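In what follows, a single structure is set out as structure tokens and then discussed.
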Amino acid sequence: MLVWAQRSHQVKRVGSQTGASDEALVALVVERDLSAFTCLYDRYAPAVYAFAAHMLGKNQAEEVVQDVFLRLWQRSRQFDQQRSSFRAWFMAIARHQVWDELRRKDFHQGLVASEAVDALLAGEDPATHVVEEAWRDERSRAVLEALKGLPTEQRRVLVLAYFGGLSQSAIAHHLGWPLGTVKKRTRLGLQKLRAWLGR
């Protein structure tokens, strides 16, 4: 009982510290600490919600946030800080949840994903914490700007591959295109990106 009380006091102290690392907090979540879980929720829920809202719409975004944090609670023991940062691991869970929803809904030809990227390219930053690593440096910003100039079909396959993490087979299934068409549009899109970036 004394050990639990000491642990609980430590949890409240760590959970209330603004500078507590994600890794320290998730270690406490493994111990089923609600204070640490709440701290991670406060830290990441706005970014997950913004990302999901842009990809799926506001109605589904709240449900996605709940599902993602439920997965965090259930799978916190699977986090391995030797393999990745908590942030990378957790945002991968969020990204996969959003893409699972997109696949389930079978959005017509990836239109929602395309519109979300268009919004990002137009300077609207819906989820800084989710996407900031995607264009942290000048080179990445240049890639995003180059994507804007691609034909819609080529942009869609590249967005689904590099932002959505889908394989070419999964993209073909998602868009209802032959695999050869996906490969060709990927190749042409990459060639145009290289030409643009080589200017």
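The values are calculated or read from the model by the stated rules, or taken from the named source; none is laboratory data. Computed from a predicted model, the values in this text were never measured in an experiment. All Cβ positions, glycine included, derive from the backbone under ideal geometry; neighbour counts span all protein chains shown.
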Next item on the list: Can you tell me which residue among R95, R156 is modelled with pLDDT of 65 or more, under 20 Å from L188 (Cα atoms), crowded, with 18+ Cβ neighbours inside 10 Å and not β-branched (V, I, T)?
Entry: R156
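Could you go through the stretch 183-194 and let me know if any residue there is modelled with pLDDT of 50 or more, more than 26 Å from D22 (Cβ to Cβ) and of a type in the set (S, T, N, Q). Don't jump to the end; show me each part of the working.
To start, the set of residues in the stretch 183-194 that are modelled with pLDDT of 50 or more comprises 183-194.
With the extra rule that they be more than 26 Å from D22 (Cβ to Cβ), the set shrinks to 183-194.
Of the ones still in play, those that are also of a type in the set (S, T, N, Q) are 186, 191.
Among the residues of the stretch 183-194, at least one is modelled with pLDDT of 50 or more, more than 26 Å from D22 (Cβ to Cβ) and of a type in the set (S, T, N, Q), which makes the answer yes.
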Next item on the list: Report the residue count in the stretch 26-73 for those that are over 18 Å from A92 (Cβ atoms) and either of a type in the set (D, E) or not in a helix (DSSP H, G or I) (or both).
Entry: 7
Check: Name the residues in the stretch 35-48 that are surrounded by fewer than 22 Cβ atoms within 10 Å (Cβ to Cβ) and at pLDDT 90 or above, would you?
Finding: F37, T38, Y41, D42, R43, A45, P46
Item checked: Lone qualifier among E62, E31 - being more than 14 Å from the chain's Cα centre (by Cα) and surrounded by 13 or more Cβ atoms within 10 Å (Cβ to Cβ) -> E62
Margin query: Would you confirm whether or not the stretch 75-82 contains a residue that is in a helix (DSSP H, G or I), without any contact (Cβ under 8 Å) to a residue 12 or more places away in the chain and crowded, with 16+ Cβ neighbours inside 10 Å?
Written below: no
